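The values are calculated or read from the model by the stated rules, or taken from the named source; none is laboratory data. As the structure is a prediction and not an experimental result, all values here were calculated from the model. Cβ: placed from backbone, ideal geometry, glycine included. Neighbour counts: every protein chain shown. Side chains are part of the model used for accessible areas, which takes the heavy atoms of the whole protein and leaves out ligands, DNA and RNA. Shrake-Rupley method; radii C 1.70, N 1.55, O 1.52, S 1.80 Å.
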Amino acid sequence: MTTTLIESAATNAVAAADPFILGGRTFQSRLIVGTGKYATMDLMARSLEASGAEVVTVAVRRTSIADPSQPRLFDYLDPKKYFLLPNTAGCYTAEDAIRYARLGREVGLSDWVKLEVIGDQKTLFPDNAGLLEAAEVLIREGFTVLPYTNDDPIVCRRLEDLGCAAVMPLGAPIGSGLGIRNKTNIRIIKEFAGVPVIVDAGVGTASDATVAMELGIDAVLMNTGIAGAGDPVAMATAMNYGVKAGRLAWRAGRIGRKLYATASSPLTGMIE
């Protein structure tokens, strides 16, 4: 058995002992990836494969579901291999987000939705008032709602109270690659959450994914960090390892931070 196969078997065994449960479903991978912004559909498919992701997001209003003139995304996505998560990317009102979530369900995609209600085109920050409004309606209609929101512990608590299956605070603005800007808020959100916490947006490289997971959150969702990389397939592989490394480190428990050095070897019993 090669070293690569041994490493793969070891990491898969760890993942099996630490499953990711989301909306009543069990997944092994804690990396969720998007399907947009790739140069070609083939590149997207190879990147998804390299990422090891089981859940992939699909923007309902930017695919052939809503526009038959667009490339046939679903020729490159095997629904037996990936759990498809429709999202309402590009929606700026609660009404639009509700409409596209319903469309995704009507065409047979899923009754799950990554819910996005965007506040403005420059920052792409969420409109939390619209988000809460849309979430309430869709939950009442039987959707499993995963909302993209600000790193605001109070808003996350309200979304959970409505019945959202997870909360998805941003790490940084969408596509910015800035990494996790407010670790304290992410920790607070996780501490009080009774549902999975998924960092969504802002991850630029594998170390960002690792840092996110080391905060104790349950998963990381990304798109631009992979699709916009110089070599998306290589970056997808790196993100795969980064998420796994961060989860393992969090479970292992890091040493405490100290102001001064501590000898690696004990000083007692040393020969003078």
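Worth pointing out:
- Residue that is farthest from P86 (Cα to Cα) [pool: residues in the stretch 227-262 that are of a type in the set (V, I, T) and out of contact with any strand residue (DSSP E or B) (no Cβ under 6 Å at 6 or more places or on another chain)]: T262
- Of residues in the stretch 111-155 being in contact (Cβ under 8 Å) with a residue 40 or more places away in the chain and not in a strand (DSSP E or B), the one most open to solvent (accessible area, probe 1.4 Å): F125
- T11 vs. criteria closer than 26 Å to V195 by Cα, at pLDDT 85 or above and among the β-branched types (V, I, T): no
- When D200, D218 are checked against the criterion of being in contact (Cβ under 8 Å) with a residue 40 or more places away in the chain, under 11 Å from the mean Cα position of the chain (by Cα), within 18 Å of K244 (Cα to Cα) and open to solvent by 20 Å² or more (accessible area, probe 1.4 Å), a single residue qualifies: D218.
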